[in-house]
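Input: a single structure, listed below in structure tokens.
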Amino acid sequence: MSQKKLVLALDQGTTSSRAILFDTDGATVAIAQREFTQIFPAPGLVEHDPLEIWESQKATAIEVLQSASVTADKIAAIGITNQRETVVAWNRKTGIPIGNAIVWQDRRTAPFCLELRNTHEDLIRTTTGLECDAYFSASKIRWILSNIEAATEMADDGELLFGTIDSWLVWNLTEGKLHITDDSNASRTMLFNIHSREWDNDLLELFQVPRSALPNVAASSEVYGEVSAIPELSGIPIAGIAGDQQAALFGQQCFSEGDSKNTYGTGCFTLQNTGTNAPKSNHRLLTTIAWRLGDKTTFALEGSVFIGGAVIQWLRDSLGIISSADEVEELALSVSENGGVFFVPAFAGLGTPYWDQDARGTIVGLTRGTGRAHIARAALESIAFQTAELIEAMANDSGKVLSELRVDGGATKNKTLLQFQADLLGIPVSVAHTPETTALGAAYLAGLATGVWESTESLAKHRSESARFEPTMKRKSAEDLLARWREAVGRARG
């Protein structure tokens with residue numbers, strides 16, 4: 001192993017920072033992970049400490065090299081993947097953030113975005129491929145400029161920088177030499193023209209964001225610079241960047257038009273490769289940049305579920321009916337079905353295909369016979385129901401009927417969830433051999449730029465599945481359950 005060149009992926013997620021080493025076969029060599037603080041200043045507000053994110057990511061990078069007993073000279077490249085849409089603002093001169101990062105889940109700008117829908121919805125959809133929603137970065141940046149003391153003055157003086165988490169990490173890794181992002185992350189800001197691949201003048205004016213504060217946009221796979229801030233990693237090329245969901249699409253090797261994956265994480269995200277075509281959705285899906293390799297831009301249709309695995313965390317942390325996330329499957333299986341209980345976890349509104357910022361979490365169908373097992377089962381099933389609605393919208397938009405759904409993420413350990421998912425969709429669900437497909441995608445992008453792998457074709461031989469779930473439920477039964485689910489969604493929206 002020591003003779004092989006390794007690739008290091010920095011996977012900065014919503015609840016933890018991880019570092020993962022991969023070998024040339026795409027196999028995991030070592031993993032290090034650290035959770036960091038979730039900050040909830042008020043209902044609907046979610047923040048992170050950018051310095052804690054950086055320190056946790058730096059610590060995992062050092063730890064994973066020590067764990068594998070390797071040194072920087074064995075690492076061919078570093079790839080970065082990150083929670084998307086979350087915004088950091090910092091001082092160009094000092095590198096110190098001017099406040100906490102505003103997380104993608106944060107809803108403080110929802111009223112402002114609702115106003116914009118009435119006046120600028122077409123501009124935003126046509127230019128960015130996105131919905132006008134507080135989920136994306138633009139309104140968060142505007143809020144910072146309007147509400148953090150001296151932010152506007154700093155921006156006017158050219159001293160303020162904005163970036164998504166990838167930009168923040170690269171800035172720190174290179175000690176302020178690089179302020180960059182890639183096309184996949186830029187396409188999630190609601191400020192980027194995905195057709196011309198540049199920051200859009202009309203949107204910058206609409207959100208009053210100074211162009212000088214934004215990062216330069218690079219390809220998803222190229223050598224950007226070298227690490228200088230961490231002695232243990234000094235000199236390693238930083239050569240790949242992609243938002244977490246696009247990185248997972250790449251890691252799942254969905255390189256052909258129509259290939260689709262779903263990631264079960266804090267939220268759930270379904271992406272379908274649409275090739276060089278950026279289709280306009282008629283079912284409120286997002287059109288996004290999947291990645292850019294050289295001069296070739298690949299697009300994707302995306303459906304977003306805001307609360308996926310987070311509903312299991314809610315059962316544990318808020319409701320207290322389980323003590324660990326692993327317990328939910330056993331509890332759910334202690335009853336034969338959901339007992340007529342449907343759980344719509346709209347804690348942060350509803351994403352695709354509703355984009356309803358005002359929807360709230362709702363449990364319907366409770367009776368005297370309802371127990372915690374029924375609620376646990378309904379919570380688990382809610383993840384599959386929401387994903388099924390994304391897949392249906394995607395098929396209606398693209399006209400492509402899926403033959404299988406490739407899946408990854410932490411919740412793929414839950415066999416009950418995946419079997420129910422296959423039953424609802426009526427197609428096989430294929431689980432990636434490595435659950436670390438997001439990090440693997442970032443590693444692939446970095447390795448392609450540095451010659452570890454020659455082409456996407458050479459990566460194809462590395463994909464295998466660890467499990468496959470075939471549908472067993474009758475279609476009529478699945479359709480009846482989906483109809484009941486939609487009734488429950490109507491209650492949550494009302």
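The values are calculated or read from the model by the stated rules, or taken from the named source; none is laboratory data. Here the structure is a predicted model, which means the values were calculated and not measured. Virtual Cβ from ideal backbone geometry, glycine too; neighbours counted across all protein chains shown. Keep in mind that these areas ignore ligands, DNA and RNA; they rest on the heavy atoms of the full protein, side chains included. Shrake-Rupley method; radii C 1.70, N 1.55, O 1.52, S 1.80 Å.
Among strands (runs of 3 or more DSSP E) entirely within segment 358-434, having at least 1 residues that are open to solvent by 40 Å² or more (accessible area, probe 1.4 Å) and charged (D, E, K, R) singles out 405-408. Just one of the numbered conditions (1) at pLDDT 95 or above; (2) open to solvent by 50 Å² or more (accessible area, probe 1.4 Å) is not true of LYS93: (1). Residues in segment 458-485 that are over 18 Å from GLN419 (Cβ atoms) and in contact (Cβ under 8 Å) with a residue 12 or more places away in the chain were compared, and the one that is farthest from the chain's Cα centre (by Cα) is ARG484. Taken together, the residues in segment 340-351 that are open to solvent by 10 Å² or more (accessible area, probe 1.4 Å) and at pLDDT below 85 amount to 1. Out of the residues in segment 398-440 meeting the condition of being under 17 Å from the mean Cα position of the chain (by Cα) and hydroxyl-bearing (Ser, Thr, Tyr), tell me which one is modelled with the lowest pLDDT. Only one residue tops the list, namely THR412.
Is one or more of the residues making up segment 274-282 at pLDDT 85 or above and on the phi > 0 side of the Ramachandran plot? So far as segment 274-282 goes, yes, one or more of its residues are at pLDDT 85 or above and on the phi > 0 side of the Ramachandran plot.
Tell me whether segment 77-85 contains one or more residues that are surrounded by fewer than 24 Cβ atoms within 10 Å (Cβ to Cβ), of a type in the set (A, V, I, L, M, F, W, C) and either under 22 Å from ALA439 (Cβ atoms) or at pLDDT 90 or above (or both). Within segment 77-85, not a single residue is surrounded by fewer than 24 Cβ atoms within 10 Å (Cβ to Cβ), of a type in the set (A, V, I, L, M, F, W, C) and either under 22 Å from ALA439 (Cβ atoms) or at pLDDT 90 or above (or both). When ALA32, ALA27 are checked against the criterion of being without any contact (Cβ under 8 Å) to a residue 40 or more places away in the chain and open to solvent by less than 50 Å² (accessible area, probe 1.4 Å), a single residue qualifies: ALA32. Please verify whether THR387 is over 17 Å from the mean Cα position of the chain (by Cα), at pLDDT 90 or above and more than 30 Å from GLU222 (Cβ to Cβ), treating the condition exactly as stated. Against the criterion (over 17 Å from the mean Cα position of the chain (by Cα), at pLDDT 90 or above and more than 30 Å from GLU222 (Cβ to Cβ)), THR387 does not qualify.
The strands (runs of 3 or more DSSP E) found wholly in segment 1-51 and carrying at least 3 residues that are among the β-branched types (Val, Ile, Thr) occupy 28-35.
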